[in-house]
Amino acid sequence: MTVRSSGSRTEPTFAELTARIKAAGLLRRRPGVYATVLGTNVLLLAGTVTAFVLLGPSWWQLVTAAVLGVVTTQLAFVGHDAGHRQIFAGRRANDVVGHLHGALVGMSFGAWVVKHNTHHASPNHADADPDIDIPVLAFSVEQAADRRGFARWAVAHQAFLFLPLLLLEGWNLHLVAFQEALRRRVPRPRLEIALLTAHVLGYLAAVLLVLTPWQAVAFVLVHQAVWGVAMGLAFAPNHKGMPVLPRGTQLDHLHKQVLTSRDVRGGRVLGYLLGGLEHQVTHHLFPRMPRPNLARGQVLVEAFCLEHGLPYTRVGALDSYRQVLRHLHEVSAPLRA
């Protein structure tokens, strides 16, 4: 459901909204909550690794692989929060947590921070947002028209290929991590290369020592597929299917973030699976707001948008995915014609 006010009494300003958020104390750090999150993730990871070792060479390990995919996603969410400096006030402590979690999941923390900050600065902007610059997908008719070769065929059928493509997202994250580190496009390339190499060697050693070769292959495929799908489903509803800003469009921070972001309704289970990103509008307006504060922030942001007649979108989880797939199908229609 898209919520719109009947009219605006005053011109809304981001400073006014920020004042309300600060008055509610929603930009203050939540060390206790994050200690619980980190501790829970440690226990989940330790429990999964213990089950992996105790089960040994068994095809039941495919269940372990699926669980590990969910745990890996939760570790990646902590890296996301560290990249936004939501956990600690200082950069160094957040960087330590971010690099550690990047090593655990096989991502380049430095490369992700650079790319993600660019996305936050220009969400859904046709010539600036790297998150909508995906060769085998198109998020506007103009993007679709530019595709050639296999990419053109893929874009023509992208609504049907979207979910299958998410099965490969985990591999894509690993590949991009190594590429960016080796090309020295990250702040600490040597550290990143060392951490990524340690991840690969440790991961392969574990599956090859505990499992038979075919079981090891199946374990890796299931783990990476579940992780890729979980990550994709967490990030897809946020902006996909929302307005794509044409090249050269200039908007202030408030309008840019509200117009291009979508919130998703849901309870605690959904919030856990999405890493708090169901409150995407609030997160984009205040990227350093700690994840535990986003639910309260969402209430204030929605009320502010209603008060000033700002378009604000909040839908159910299934409806968000339907909107994404419908949008992908519609913008690629000329290619099928």
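Across region 33-66, the qualifying residues are those that are among the aromatic types (Phe, Trp, Tyr) and not in a helix (DSSP H, G or I), and the one among them that is farthest from residue 289 (Cα to Cα) is 59. A Cβ distance below 6 Å, combined with a sequence gap of six or more or placement on separate chains, defines the contacts here; from region 306-332, residues that are surrounded by fewer than 19 Cβ atoms within 10 Å (Cβ to Cβ) and at pLDDT 95 or above reach residues that are small (Gly, Ala, Ser) and in a helix (DSSP H, G or I) in the pairs 325/159; 329/159. Can you find even one residue in region 257-268 that is of a type in the set (A, V, I, L, M), surrounded by 22 or more Cβ atoms within 10 Å (Cβ to Cβ) and more than 15 Å from residue 302 (Cα to Cα)? Checking region 257-268: not a single residue is of a type in the set (A, V, I, L, M), surrounded by 22 or more Cβ atoms within 10 Å (Cβ to Cβ) and more than 15 Å from residue 302 (Cα to Cα).
Within region 290-308, the only residue that satisfies the criterion of being under 16 Å from the mean Cα position of the chain (by Cα) and among the aliphatic types (A, V, I, L, M) is 294.
Residue-level check: of (1) under 21 Å from residue 261 (Cβ atoms); (2) touching a residue at least 40 places away in the same chain (Cβ under 8 Å), residue 58 misses just (1).
Checking each residue of region 264-285 against the condition of being farther than 30 Å from residue 19 by Cα, outside any loop (DSSP other than H, G, I, E, B) and touching a residue at least 12 places away in the same chain (Cβ under 8 Å) gives at least one match.
What are the residues in region 308-337 that are part of a helix (DSSP H, G or I) and under 17 Å from residue 257 (Cα atoms), if any? The answer is 308, and nothing else.
Considering region 239-249, and only residues there that are at pLDDT 90 or above, assigned to a loop (DSSP other than H, G, I, E, B) and in contact with a Lys or Arg (Cβ under 9 Å, 6 or more places away or on another chain), the residue that is farthest from residue 321 (Cα to Cα) turns out to be 242. Number of residues in region 41-51 that are under 27 Å from the mean Cα position of the chain (by Cα) and surrounded by 12 or more Cβ atoms within 10 Å (Cβ to Cβ): the value is 6. Total residues in region 228-248 satisfying the condition of being closer than 17 Å to residue 142 by Cα and either touching a helix residue (DSSP H, G or I) at 6+ places or on another chain (Cβ under 7 Å) or surrounded by 21 or more Cβ atoms within 10 Å (Cβ to Cβ) (or both): the figure is 6. Of the residues making up region 132-142, those that are surrounded by fewer than 19 Cβ atoms within 10 Å (Cβ to Cβ) and either of a type in the set (D, E, K, R) or closer than 14 Å to residue 328 by Cβ (or both) are 133, 134, 136, 140, 141, 142.
The values are calculated or read from the model by the stated rules, or taken from the named source; none is laboratory data. Everything numeric in this text was worked out from a predicted model, so none of it was measured. For neighbour counting, all protein chains shown are included, and Cβ atoms are generated from backbone atoms with ideal geometry for every residue, glycine included.
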